Each structure stands twice: as structure tokens, then as C-alpha cells.
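Asks: Can you read through this structure? Questions will come right after.
The values are calculated or read from the model by the stated rules, or taken from the named source; none is laboratory data. Quick caveat: nothing in here was measured; it's all calculated off a predicted structure. All Cβ positions, glycine included, derive from the backbone under ideal geometry; neighbour counts span all protein chains shown.
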């Protein structure tokens, strides 16, 4: 009897400090990916974004189909399930399954983390390529994505804070800057 072994999953994780009011950052995550996913495009088949990474081979970019689960608040953190796979050559690129988490850290800042796993495609040759170089590419991709999400979240939270202050009459925005 022949046994087919499932390739081992590779764990991958990245984190980034996010400046802003936690409540505003949390709300942006809870309202959905349009409020936090960088460069998201909504197609008939789902959400698409570009994943990028600086590697030893130069800047790599791939479009990915994203599946984003419902954001949940659990133990003073927001957790969002995220899955993606490349739109270009499924056989060459793995599917990533993970979760995005936002929580407060001591000192008044926030931390955004993305952790998850993927199985290198391509059998033994794919696993060898993963060990040799592709894990580093996957790690760089996740780090870049988290950094870009943090930037979108921080801008979104700042915009929410400014808008609330304007609405409350606490802040006035000059529409026409003096010459």
C-alpha cells in the first residue's frame, strides 16, 4: 500500500508597529479589507491585490487572489483570517493560510502581525527550492505586505481622527491654502 505524504507546512510570520488610536485601527479592520488592504481590487471572483518583496533577485511582484474572513475581536485583539494564492501559475506558488492580528502593546503603540503557513508546491524539488531560496522570498513577501497594511491602517486611523475632530468643531481644515 502506497502512502502519500502531505508536504510539511512552513510557518511564516511578520509584525509591524502601527501608530494610531487603537480603537480607530480596530474599527478599520472590523469594517473590512477595503479599509486596510493595500491596492485591493474587487473582481467578480474575489479580492485581488499585489504582493511584493525585495529579494536577492530584485523586486518581485505577483498578483494574488485574496480570501478574507470576518474580523473578530478576541481577548483585546482583532483577528482576521486571510488566505491567498497567486493568480499566476498555481503549480509554482503556494497557497498561504494565516491570520492578521492587531493588538495593543505596552508604551501606547499597537502591533500588527500576520502569521500562517504554506506548503511548498512541486514535491521534493519544490521543497528543496523552498529551503534554498523560496522561503526567504515568502518571508520578504509577508513582511512587505504587513508593512503596507500598517501604512494603510495608520493613514485610515489618522483620517478618522481628523474627521471626528472636524465634525465636532475641534479642528478646522483650510480648504484653500494661502498663496
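Asks: Among the numbered criteria (1) touching a helix residue (DSSP H, G or I) at 6+ places or on another chain (Cβ under 6 Å); (2) surrounded by fewer than 19 Cβ atoms within 10 Å (Cβ to Cβ); (3) at pLDDT 75 or above, which single criterion is violated by residue 160?
Replies: (3)
Asks: Across segment 70-129, which residue is modelled with the highest pLDDT among those that are under 18 Å from the mean Cα position of the chain (by Cα), more than 20 Å from residue 147 (Cβ to Cβ) and surrounded by 20 or more Cβ atoms within 10 Å (Cβ to Cβ)?
Replies: Ranking the qualifying residues of segment 70-129, first place goes to 94.
Asks: Could you pull out the residue among 107, 126, 122, 98 that is touching a helix residue (DSSP H, G or I) at 6+ places or on another chain (Cβ under 9 Å) and at positive phi?
Replies: 122
Yes/no per residue for (1) touching a helix residue (DSSP H, G or I) at 6+ places or on another chain (Cβ under 7 Å); (2) over 19 Å from residue 18 (Cβ atoms):
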{"residue": "36", "(1), (2)": "yes, no"}
{"residue": "48", "(1), (2)": "no, yes"}
{"residue": "53", "(1), (2)": "yes, yes"}
{"residue": "59", "(1), (2)": "no, yes"}
{"residue": "84", "(1), (2)": "no, yes"}
{"residue": "94", "(1), (2)": "no, yes"}
{"residue": "102", "(1), (2)": "yes, no"}
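Asks: Taking segment 74-106 only, how many residues are touching a strand residue (DSSP E or B) at 6+ places or on another chain (Cβ under 8 Å) and in a strand (DSSP E or B)?
Replies: 20
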